[in-house]
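**Student:** Let me begin by handing over the structure; questions about it come next.
The values are calculated or read from the model by the stated rules, or taken from the named source; none is laboratory data. Everything numeric in this text was worked out from a predicted model, so none of it was measured. Positions of Cβ are backbone-derived with ideal geometry, glycine not excepted, and every protein chain shown enters the neighbour counts. The protein model used for the area step is the full one, side chains on, heavy atoms only, and it has no ligands, DNA or RNA in it. Shrake-Rupley method; radii C 1.70, N 1.55, O 1.52, S 1.80 Å.
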Amino acid sequence: MKNVLIVAANSDIARSLISMLLPFCNVWATYRKEFPKVEIEAGGKLTPLFLDICDKASFDELFSEFKGIKFDIVVNFAGVAIASPVIKLSEDDLKRQLDVCVLGLSRLLKFIFPNLKQDSRVINVSSMAAFGIFPFISPYCLSKSAADILLNSFEIETGIRTVSIKPGVVKTKFWQYCIDLNKENFKNFDGEYKETGEFLLENAKNNAHRGVEPENVARVILKAATSKFPKHSYLVGKDALAASFSRFIPKCILNQTIRKTLKFRVRKYINGK
């Protein structure tokens with residue numbers, strides 16, 4: 001049986017993935033708050049463990065748990081999304097974003113490296129935001145793009161295969177989590193950004209009920225984990241595919257298009273209230 005480590009297993013996608021893996025894998029799943037309920041079929045063993053990816057001491061406490069274990073697959077789901085106009089973004093909020101998605105990934109890679117086989121696979125659940133085209137969530141875009149670079153450097157330096165999963169909008173509780181997290185930050189959307197902030201908040205609420213199903217993303221992760229020759233990056237959802245084309249559009253044209261599209265959508269929302 002393969003040994004799999006799932007980091008931040010509280011997400012809806014992680015729960016689906018664990019159910020898919022357990023028939024043929026032993027799964028160690030870390031959580032920071034409440035460990036999710038998972039339907040377990042006959043097969044591997046599920047071991048829940050506490051881990052705060054922002055706390056180095058938390059990693060140290062796990063060391064004894066992993067003695068003698070070599071992991072075939074590591075999947076990192078840890079994430080947070082800070083929203084704010086750039087000109088009102090606080091340093092503390094930016095540091096929090098990077099602490100989870102960039103420094104947290106760095107801590108994980110350093111910690112788990114001794115427990116990896118040369119043919120192991122490290123998978124990071126990123127986002128279409130890694131293409132950096134979404135205004136007002138620049139910390140999130142920045143962290144996802146930086147994580148991809150960190151992951152790729154790790155592969156070049158160690159020879160261990162890495163994969164970045166980039167979903168578009170997914171029907172998960174992550175949206176409500178981010179809304180609650182940014183409750184104070186939405187106050188930054190005042191003055192000329194007031195209507196935009198209202199639209200973004202309503203859009204985030206709606207995203208929790210539209211987009212691809214968590215199971216669809218979990219299947220792509222499973223494919224990346226079990227394929228003999230996985231791609232370095234997987235897009236999930238039509239919106240993620242569309243976002244990827246931004247790489248081929250001149251920046252001045254792309255920025256003008258995004259700005260005009262957002263302005264149109266905000267005006268449509270305000271008029272429809």
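**Student:** Working carefully through the options Ile179, Ile258, Ile270, find the one that is over 21 Å from Pro139 (Cα atoms), part of a helix (DSSP H, G or I) and among the β-branched types (Val, Ile, Thr).
**Tutor:** Going through Ile179, Ile258, Ile270 in turn, the sole match is Ile270.
**Student:** Can you tell me which of Lys166, Lys173 is open to solvent by 70 Å² or more (accessible area, probe 1.4 Å), in contact with a helix residue (DSSP H, G or I) (Cβ under 8 Å, 6 or more places away or on another chain), under 30 Å from Leu109 (Cα atoms) and in contact (Cβ under 8 Å) with a residue 40 or more places away in the chain?
**Tutor:** Lys173
**Student:** Of these, Ser106, Ser126, Ser120, which one is of a type in the set (S, T, N, Q), on the phi < 0 side of the Ramachandran plot, surrounded by 23 or more Cβ atoms within 10 Å (Cβ to Cβ) and in contact (Cβ under 8 Å) with a residue 24 or more places away in the chain?
**Tutor:** Ser126 is the lone residue from the list that is of a type in the set (S, T, N, Q), on the phi < 0 side of the Ramachandran plot, surrounded by 23 or more Cβ atoms within 10 Å (Cβ to Cβ) and in contact (Cβ under 8 Å) with a residue 24 or more places away in the chain.
**Student:** Residue check, Gly68 against (1) exposed (fewer than 14 other Cβ atoms within 10 Å of the Cβ); (2) part of a strand (DSSP E or B); (3) not aliphatic (A, V, I, L, M), all met but one. Which one?
**Tutor:** Every condition holds for Gly68 apart from (2).
**Student:** Report yes if Gly191 is of a type outside the set (Ser, Thr, Tyr) and over 22 Å from Asp99 (Cα atoms), otherwise no.
**Tutor:** Working: of a type outside the set (Ser, Thr, Tyr): yes; over 22 Å from Asp99 (Cα atoms): yes.
Judged against the criteria, Gly191 is a match.
**Student:** Looking at Ala242, Ala204, Ala218, Ala224, which is the one that is among the hydrophobic types (A, V, I, L, M, F, W, C), touching a strand residue (DSSP E or B) at 6+ places or on another chain (Cβ under 7 Å) and closer than 23 Å to Ile13 by Cβ?
**Tutor:** Ala224
**Student:** To continue, here is another question. Which members of the range 88-103 meet the condition of being assigned to a helix (DSSP H, G or I) and in contact (Cβ under 8 Å) with a residue 12 or more places away in the chain?
**Tutor:** Correct list: Lys88, Asp93, Leu94, Arg96, Gln97, Leu98, Asp99, Val100, Cys101, Val102, Leu103.
**Student:** Taking the condition modelled with pLDDT of 95 or more, among the polar types (S, T, N, Q) and within 13 Å of the chain's Cα centre (by Cα), does Ser106 pass?
**Tutor:** No.
**Student:** What is the residue count in the range 226-235 for residues that are touching a residue at least 40 places away in the same chain (Cβ under 8 Å) and open to solvent by 10 Å² or more (accessible area, probe 1.4 Å)?
**Tutor:** So the count comes out to 5.
**Student:** Here's another thing I want to ask about it. Give all pairs with beta carbons closer than 6 Å in which a residue from the range 59-87 that is farther than 23 Å from Ala14 by Cα meets a residue that is in a loop (DSSP other than H, G, I, E, B) and open to solvent by less than 10 Å² (accessible area, probe 1.4 Å); count only pairs at least 6 apart in sequence or on separate chains.
**Tutor:** From the range 59-87, the pairs are Ala83/Asn182.
**Student:** Hey, can you tell me all the residues within the range 25-55 that are in contact with a Lys or Arg (Cβ under 6 Å, 6 or more places away or on another chain) and modelled with pLDDT of 90 or more?
**Tutor:** Cys25, Asn26, Asp52
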